[in-house]
Amino acid sequence: MGNLRGAVLMIIAMGLYAFEDLLIKLASVHMAVGHLLLYIGVLGSLILAIVVRVNKRSLLSRDFLHPMVITRNLGELIGAFALVTALALTSLASAASILQAQPLAVTLLAALFLGETVGWRRWLAILVGFAGMLLIIRPGTADFDIASLLAVLAVACFAIRDLATRVMPRGINSLQVSLWAYYSIALIGAILTLAQGGVGPVPLNAVWMLIGIVLAGTLGYYLIVEAVRASELSAIAPFRYFRLVVALILGVIFLAERPDTYTLTGAALIVGSGLYALARERAVFTAARQG
C-alpha cells in the first residue's frame, strides 16, 4: 500500500506543478517576469517561513553560507528566471517537454562531476533524450525560437541545483533549504523589478493567479516529500512525467495550443529515454545489492 499511496501523491503533485506552470504563463500576460518572480518568492517565503517556525527552526543559519547551499540557491535563482521567462515567451507544451530532460541532465552531471558510474545504455538514453530536446527546439530551421533555449538553461540550472542537494551535508534541514530557495527567487525578482522601474499595480485576476501559483507550488512540494517518505523512490519516480501529460492537456484546453508532430515526438523521446535510464539504474542497483 505504501507504493500505491506514494504513486497517488506523486501524480497529484505533478498535476499541481503543471497547473502552476499554466498559471505562470497566464500571469505573465499581466506583469513582467521580474514582478512575477518577486511576488512568487515573497509569498512562497512567507508560507514556508511559517512552516519552518512551526517546526522550531530558524529562518537563517550558518548553513545558508555552505558552498553547496549557495550553489543550490544560484541554480534555483537562475533556473527560476529561465523557466518563468520560457513559459512567458514559448508554448506551455514546448517548455514542459524540454523540462522533462532534467533527470537525464542530473545523470550526466553526476557522471562528470561526482564520478558516478554510468553504463553505455544510460549514456545512450541521455543522447536520445537530448536528441528529443533538439527535435523540439529545431535549431537552424524556420521554426527555431531562441526563447526555447531558456527552457534548456532551466534544465541545466535545476540539474545543478539537484546535484548540489545530493552532496549537501545531511544535517542541513530540508525545510530551511526550501525556504532559502524562495529567498533566492525573491532576490532575482527584486533585482529584475528594480531594473524594470519598480513594482507596478497588479490586476485583481493576476492576484488570484499568484496565490494559485504559490499554493500549487508549496502543496506540490509537500506532497512529493510525503510520497518519497511513503514509498520506494524507484517505484514513484516514473510518475514525475505525469506533469508533461497534464501540461499538454491544460495547454490544449486553456491556451488553444496544438503541439506539432516534432514537439510530440521529441517529448516521447525524452520521456522514453528517461524511463529507460531509470529502469537501468534500478537494475544496476538491484544487481549490486544482490551481488
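The values are calculated or read from the model by the stated rules, or taken from the named source; none is laboratory data. Model, not experiment: these values are computed from the prediction. With ideal geometry, Cβ positions are generated from the backbone for all residues, glycine too; neighbour counts draw on all protein chains shown.
So, in the stretch 249-288, of the ones that are farther than 20 Å from G119 by Cβ and among the polar types (S, T, N, Q), which residue ends up surrounded by the most Cβ atoms within 10 Å (Cβ to Cβ)? If you could, list the steps in order and put the result at the bottom.
First pass over the stretch 249-288, keeping only residues farther than 20 Å from G119 by Cβ: 249-268, 271.
Next cut, among the polar types (S, T, N, Q) only: 261, 263, 265.
Details: T261: 8, T263: 24, T265: 14.
So the residue we want is T263.
Could you list, in sequence order, all residues of the stretch 232-248 that are exposed (fewer than 14 other Cβ atoms within 10 Å of the Cβ) and of a type outside the set (D, E, K, R)? Outline the logic, then answer.
Initially, the stretch 232-248 is screened for residues exposed (fewer than 14 other Cβ atoms within 10 Å of the Cβ), giving 232-233.
Across the stretch 232-248, the qualifying residue is only L233.
Going by the conditions given, is A186 at pLDDT 90 or above, small (G, A, S), within 14 Å of H35 (Cα to Cα) and surrounded by fewer than 14 Cβ atoms within 10 Å (Cβ to Cβ)?
On the way: at pLDDT 90 or above: yes; small (G, A, S): yes; within 14 Å of H35 (Cα to Cα): yes; surrounded by fewer than 14 Cβ atoms within 10 Å (Cβ to Cβ): no.
In short, no.
Residues that are among the aliphatic types (A, V, I, L, M) and under 19 Å from A27 (Cα atoms): does the stretch 178-187 have at least one?
Checking the stretch 178-187: at least one residue is among the aliphatic types (A, V, I, L, M) and under 19 Å from A27 (Cα atoms).
Out of curiosity, is G189 touching a His at 6+ places or on another chain (Cβ under 8 Å), among the small types (G, A, S) and either part of a helix (DSSP H, G or I) or not assigned by TED's automatic domain parsing to the domain that holds L77 (or both)? Walk me through it before giving the result.
On the way: touching a His at 6+ places or on another chain (Cβ under 8 Å): yes; among the small types (G, A, S): yes; either part of a helix (DSSP H, G or I) or not assigned by TED's automatic domain parsing to the domain that holds L77 (or both): yes.
Yes.
Condition test on Y241, is it at pLDDT below 95, in a helix (DSSP H, G or I), touching a helix residue (DSSP H, G or I) at 6+ places or on another chain (Cβ under 6 Å) and among the hydroxyl-bearing types (S, T, Y)? Steps first, answer last, please.
Details: at pLDDT below 95: yes; in a helix (DSSP H, G or I): yes; touching a helix residue (DSSP H, G or I) at 6+ places or on another chain (Cβ under 6 Å): yes; among the hydroxyl-bearing types (S, T, Y): yes.
Yes; evaluated as a whole, the condition is true for this residue.
Within the set of pairs 6+ apart or on separate chains, which have a first residue in the stretch 204-221 that is within 15 Å of G41 (Cβ to Cβ), a second that is among the aliphatic types (A, V, I, L, M) and outside any helix (DSSP H, G or I), and C-beta atoms under 8 Å apart?
L210/V202
Report yes if some residue within the stretch 220-237 is outside any helix (DSSP H, G or I) and at pLDDT 85 or above; otherwise report no.
no
Looking at R161, is it charged (D, E, K, R) and free of Cβ contacts under 8 Å to residues at least 12 places away in the same chain?
Working: charged (D, E, K, R): yes; free of Cβ contacts under 8 Å to residues at least 12 places away in the same chain: no.
It is false that R161 is charged (D, E, K, R) and free of Cβ contacts under 8 Å to residues at least 12 places away in the same chain.
Given the conditions (1) surrounded by fewer than 18 Cβ atoms within 10 Å (Cβ to Cβ); (2) within 16 Å of S273 (Cβ to Cβ); (3) of a type outside the set (S, T, Y), which single one is not true for P169?
That leaves (2) as the condition not met.
Which of the residues belonging to the stretch 201-216 are surrounded by 12 or more Cβ atoms within 10 Å (Cβ to Cβ) and either part of a loop (DSSP other than H, G, I, E, B) or on the phi > 0 side of the Ramachandran plot (or both)?
The answer is V202, P203.
State whether the residues of the stretch 15-22 include one that is among the charged types (D, E, K, R), assigned to a helix (DSSP H, G or I), closer than 20 Å to L175 by Cβ and touching a Cys at 6+ places or on another chain (Cβ under 8 Å). I'd like the intermediate steps shown before the answer.
Residues of the stretch 15-22 among the charged types (D, E, K, R): 20-21.
Keeping just the survivors that are assigned to a helix (DSSP H, G or I) gives 20-21.
Still in the list and also closer than 20 Å to L175 by Cβ: 20.
Among the residues that remain, those that are also touching a Cys at 6+ places or on another chain (Cβ under 8 Å) are: none.
No, the stretch 15-22 contains no residue that is among the charged types (D, E, K, R), assigned to a helix (DSSP H, G or I), closer than 20 Å to L175 by Cβ and touching a Cys at 6+ places or on another chain (Cβ under 8 Å).
Return the residue satisfying two criteria in turn: it lies in the stretch 4-15 and is farther than 14 Å from L244 by Cβ and of a type in the set (A, V, I, L, M), and of such residues it is farthest from the chain's Cα centre (by Cα).
Taking the stretch 4-15 as the starting set, the residues that turn out to be farther than 14 Å from L244 by Cβ are 4-9, 12.
This time we only want the ones that are of a type in the set (A, V, I, L, M), so: 4, 7-9, 12.
On the way: L4: 23, A7: 18, V8: 19, L9: 17, I12: 15 Å.
Result: L4.
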